[in-house]
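**Q** Here's a structure for you.
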Amino acid sequence: MPTTSTRTLGQLGDASRIGLAAILAFGAAPAFAQETKSAQDIVVTAQRENATHVENGGSAGVLGTKAAEDLPFNLRSFDETLILNQQPRSLGEVLENDPTVRTTYGYGNAAESFVIRGFELYGDDVGLNGLYGITPRQLIAPELFEQVQVLNGSSAFLNGAAPGGSGLGGSVNLLLKHAGNEDLNRVTLGYTSDSHFGGSFDVARRFGDFGVRINGNYQDGQTGIDREDRKTQVLGVGLDWNSGPVRLSLDVAYQKMRVDHLRPKLTLYTSELPEIPSSSYNFAQDYTYTDLRDLFGVFNAEYDFAPNATVWFKAGARDGSEQGIYGGFRLDDAETGDGHLTALYVPRTDNNEAVETGARVKLGSEVTQEIVFGANASWQVNRNAYDFRYGTDTSYAGVPANYYDVEQIDLPASLLVGGDLDDPYPISKISTFSAFASDTVGLWDERILVTGGLRLQKLETKSYSAYGGAFTGSQELDKITPVIGVVVKPVDGLSLYANRIESLQQGPTAGFGATNYGDVFPPYVSTQYEVGGKVKVGPMFASLAWYQIDKPYGYTDADTLVYAINGTQRNQGVEFTLNGEIVPGLRLISGVSHVDTTLRDSTDALAGTTPKGVPDWTANANLEWDTPLPGFTLTGRVTYTGEQWVDAANTLKLPSWTIFNAGARYVFAAGEVPVTLRFNVDNIADKAYWASAFDSFSSAVLQGQPRTFKASVSADF
């Protein structure tokens, strides 16, 4: 029987010991001579460098790094100052700053996934330095990254098909930290309520063309949710060489995360919502945990073989291991709270590799052409097993319990085992191969940019039996996914754009109740149309977009009981974002998004309904003000999420919710060392609310986080 391991708070893991040695080594390096600065200069400089902002534009896949006004897409980048200032514990907390993104969890575990334009993006399909499958898949510690990039919309041409089959409405790409032009020595100590403590270091040096950056983080303790405990250990090393035409980098990172007694989603077998408990209430069982370990890295090489031409090559790999006893609660009666506890033990390992190579050439003067061509591939092997521990009830209902007054029980007896729990064998192998080519033509001093491109993609999925590991079948698809994009810049600061682009997704599998149960359907294509505009006025940037995405969907026919893909899910919406510095010292990150999604073009009983878990409106506004008091900054954020359906038949709906965050930073000089004090309060009113109803398998709701206090002190020496 699997059991949870015991741990001692404050006990250093491998990453922490390595990190301590690294910081001592760098601390012993000779310091470069520098001019003495006044305390006021130190404070003003540190306060300016601590300013949280959004970079518009970024890495647009194979098109390269582009300014927002030159892209026929919406792309934003949140930088490492936001991560340092807000002290998020996961990638999901970083993406809470984006008005077009909302976060949910998987079944019973801490696997974050994200809802963009009404479609799910799995943690498995978050990119790393432009490659899929290399990022840790369930929880991602944000301290390792210098940028979190969000691309709204389909991206099968730009990034290739996401191997996990998600990301139809948008993608997220992470960039690992590298050394800048200035040396860095930063140490941070932090606290999060109720008793979560941590420390981190970030050291960077540049020796001529060679740069090195090492950063690490250690956190442990209880969160604001009763009995929920989280532990994080990360260490990242980034090496780079920049000698003009040749640019090389090697990034290696280690992440180990553990969550004990996670408050999971609540699965509803009832026609009404239960009474929402206090914001910190936790119905998790003490035997539940999630334990994750990942070692991953990326190598990148670029060579400018002419002033207007570049070739690149990059490769990445990840070795991941995870196990956990995931718990859930099936609520049968919302009034009494009667229901059943469930448990699932899952050991899993992943071994993934990805490569990409290409060339980019820019030609012409009056009429320009930027030609891009290349190829990429990825290979993913998933080994897992499962042990459904629902007790002796063969109906899989679980162990009787009451949601409003959950008692701790022993781990339920095993009911169904699949695979080898001690040494899991492969369950799936996913391979993707693609070749791409595009041409961006610039007219009238590049006031008009027309992009056309094709990506020939091959997606192959091999499946293996959970009972013995025998090969059970495969699906292959060769598909050309095109892109057409137009940008028109009639006047300086104004950019109008339109695009047609596709997403490629793995096909679904016929589920329980279908006469063709187990049939795996071929991958299919979703199509997006988008038009919009972007305006830049001084330091302020605004974007407005309208889009439509059509995705095939399948269902089991009520008469024949045959599962087939015979319908369309159409998501239409409008997005508006506004960010920048309103006046010197007053910064804004804001936006609003509306999604209208409907199932259509079918005879299914659900035709005309709205998919569950998709809020009709979402909005955010982050504000920072550098007050007249030198070094003192006030911050605040309001987050609004509209109504969303809980069940597929649209009979039960979550109400909208709004929460407020506030904080302050203060910079002072300790000698010549800038020290920054930070204090934040999330969910000031301690509002209890249902945050999300997005779930691919059942009607389930996720409760929002309680009021949380965060404090930290950083010294840059």
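**Q** Name the residue, out of V311, V298, that is of a type in the set (A, V, I, L, M) and surrounded by fewer than 22 Cβ atoms within 10 Å (Cβ to Cβ).
**A** Result: V311 is the single residue among V311, V298 that is of a type in the set (A, V, I, L, M) and surrounded by fewer than 22 Cβ atoms within 10 Å (Cβ to Cβ).
**Q** May I pose another question? Within the stretch 546-559, take every residue that is hydroxyl-bearing (S, T, Y) and modelled with pLDDT under 95 and give me the one that is farthest from the chain's Cα centre (by Cα).
**A** For the stretch 546-559, the residue satisfying everything is T556.
**Q** Report yes if A306 is surrounded by fewer than 23 Cβ atoms within 10 Å (Cβ to Cβ), of a type in the set (A, V, I, L, M), out of contact with any helix residue (DSSP H, G or I) (no Cβ under 7 Å at 6 or more places or on another chain) and farther than 19 Å from N352 by Cβ, otherwise no.
**A** Spelling it out, A306 is indeed surrounded by fewer than 23 Cβ atoms within 10 Å (Cβ to Cβ), of a type in the set (A, V, I, L, M), out of contact with any helix residue (DSSP H, G or I) (no Cβ under 7 Å at 6 or more places or on another chain) and farther than 19 Å from N352 by Cβ.
**Q** Select from the stretch 634-647 the residues that are surrounded by fewer than 17 Cβ atoms within 10 Å (Cβ to Cβ) and among the aliphatic types (A, V, I, L, M) and write down the one among them that is farthest from G118 (Cα to Cα).
**A** Result: L634.
**Q** A further question on this structure: Taking into account only those residues within the stretch 583-604 that are among the β-branched types (V, I, T) and in contact (Cβ under 8 Å) with a residue 24 or more places away in the chain, which is farthest from L504 (Cα to Cα)?
**A** Ranking the candidates gives I589 first.
**Q** Can you find a residue in the stretch 355-365 that is within 27 Å of the chain's Cα centre (by Cα), closer than 24 Å to S428 by Cα and among the hydroxyl-bearing types (S, T, Y)?
**A** There is no residue in the stretch 355-365 that is within 27 Å of the chain's Cα centre (by Cα), closer than 24 Å to S428 by Cα and among the hydroxyl-bearing types (S, T, Y).
**Q** Also: Could you tell me which numbered condition D240 fails, if it satisfies all but one of (1) more than 26 Å from Q138 (Cβ to Cβ); (2) out of contact with any Gly (no Cβ under 6 Å at 6 or more places or on another chain)?
**A** For D240, the exception is condition (2).
**Q** Given the residues S526, S543, which is the only one that is within 30 Å of L561 (Cβ to Cβ) and either crowded, with 19+ Cβ neighbours inside 10 Å or modelled with pLDDT of 95 or more (or both)?
**A** On inspection, the qualifying residue turns out to be S526.
**Q** Criterion first (modelled with pLDDT under 95, among the β-branched types (V, I, T), more than 24 Å from L151 (Cα to Cα) and over 30 Å from the mean Cα position of the chain (by Cα)) does T515 satisfy it?
**A** When the stated conditions are applied, T515 passes them.
**Q** Restricting to the stretch 324-362, name every residue that is aromatic (F, W, Y) and touching a His at 6+ places or on another chain (Cβ under 9 Å).
**A** Result: F329, single match.
**Q** Moving on to the next point. Here are the criteria: (1) surrounded by fewer than 22 Cβ atoms within 10 Å (Cβ to Cβ); (2) closer than 27 Å to Y547 by Cβ. Tell me which single one Y107 does not satisfy.
**A** (2)
**Q** Hey, another quick one. Just a yes or no: is a residue in the stretch 270-285 crowded, with 20+ Cβ neighbours inside 10 Å and without any contact (Cβ under 8 Å) to a residue 40 or more places away in the chain?
**A** No.
**Q** Something else about it: Residue check: is P611 farther than 30 Å from S155 by Cα and either part of a loop (DSSP other than H, G, I, E, B) or touching a Cys at 6+ places or on another chain (Cβ under 9 Å) (or both)?
**A** Spelling it out, it is not the case that P611 is farther than 30 Å from S155 by Cα and either part of a loop (DSSP other than H, G, I, E, B) or touching a Cys at 6+ places or on another chain (Cβ under 9 Å) (or both).
**Q** Further question on the same structure: Residue by residue through the stretch 225-244, note down the ones that are outside any strand (DSSP E or B), at pLDDT 95 or above and of a type outside the set (K, R).
**A** I225, D226, E228 - these are the residues of the stretch 225-244 that are outside any strand (DSSP E or B), at pLDDT 95 or above and of a type outside the set (K, R).
**Q** Which residue is nearest to A141 (Cα to Cα), if the candidates are limited to the stretch 86-100 and must be polar (S, T, N, Q) and crowded, with 22+ Cβ neighbours inside 10 Å?
**A** Here the answer is Q87.
**Q** Another one. With the stretch 368-479 as the region, which strands (runs of 3 or more DSSP E) entirely inside it contain at least 3 residues that are over 28 Å from the mean Cα position of the chain (by Cα), surrounded by 15 or more Cβ atoms within 10 Å (Cβ to Cβ) and in contact (Cβ under 8 Å) with a residue 60 or more places away in the chain?
**A** Because the criterion is at least 3 residues that are over 28 Å from the mean Cα position of the chain (by Cα), surrounded by 15 or more Cβ atoms within 10 Å (Cβ to Cβ) and in contact (Cβ under 8 Å) with a residue 60 or more places away in the chain, the strands (runs of 3 or more DSSP E) in the stretch 368-479 that meet it are 368-384, 426-443.
**Q** Does any residue of the stretch 330-344 turn out to be closer than 30 Å to R360 by Cβ and touching a residue at least 12 places away in the same chain (Cβ under 8 Å)?
**A** No, because not a single residue in the stretch 330-344 is closer than 30 Å to R360 by Cβ and touching a residue at least 12 places away in the same chain (Cβ under 8 Å).
**Q** Restricting to the stretch 315-350, name every residue that is in a strand (DSSP E or B), surrounded by fewer than 19 Cβ atoms within 10 Å (Cβ to Cβ) and of a type in the set (D, E, K, R).
**A** Selection gives D319, D338.
**Q** Quickly run through the stretch 189-237 and pick out the residues that are aliphatic (A, V, I, L, M) and within 19 Å of F679 (Cα to Cα).
**A** Answer for the stretch 189-237, where residues must be aliphatic (A, V, I, L, M) and within 19 Å of F679 (Cα to Cα): just L189.
**Q** Return yes or no: is A317 within 30 Å of R707 (Cα to Cα), out of contact with any helix residue (DSSP H, G or I) (no Cβ under 7 Å at 6 or more places or on another chain) and in contact (Cβ under 8 Å) with a residue 24 or more places away in the chain?
**A** In short, no.
**Q** Which pairs turn up if I take residues in the stretch 658-687 that are at pLDDT below 95 and assigned to a loop (DSSP other than H, G, I, E, B) and look for partners that are surrounded by fewer than 21 Cβ atoms within 10 Å (Cβ to Cβ) and not β-branched (V, I, T) with beta carbon separation below 7 Å, at least 6 apart in sequence or on another chain?
**A** What qualifies is E672/K37.
**Q** Out of Y303, Y287, Y254, I need the residue that is assigned to a strand (DSSP E or B), more than 26 Å from the chain's Cα centre (by Cα) and among the hydroxyl-bearing types (S, T, Y). Which one?
**A** Y303
**Q** In the stretch 607-655, which residues are among the hydroxyl-bearing types (S, T, Y), in contact (Cβ under 8 Å) with a residue 40 or more places away in the chain and more than 30 Å from A46 (Cβ to Cβ)?
**A** Result: T609, T610, T618, T641, T651.
The values are calculated or read from the model by the stated rules, or taken from the named source; none is laboratory data. All figures in this text were calculated on a predicted structure; none of them were measured in a lab. Using ideal geometry, Cβ is built from the backbone for each residue, glycine included, and neighbour counts are taken over all protein chains shown.
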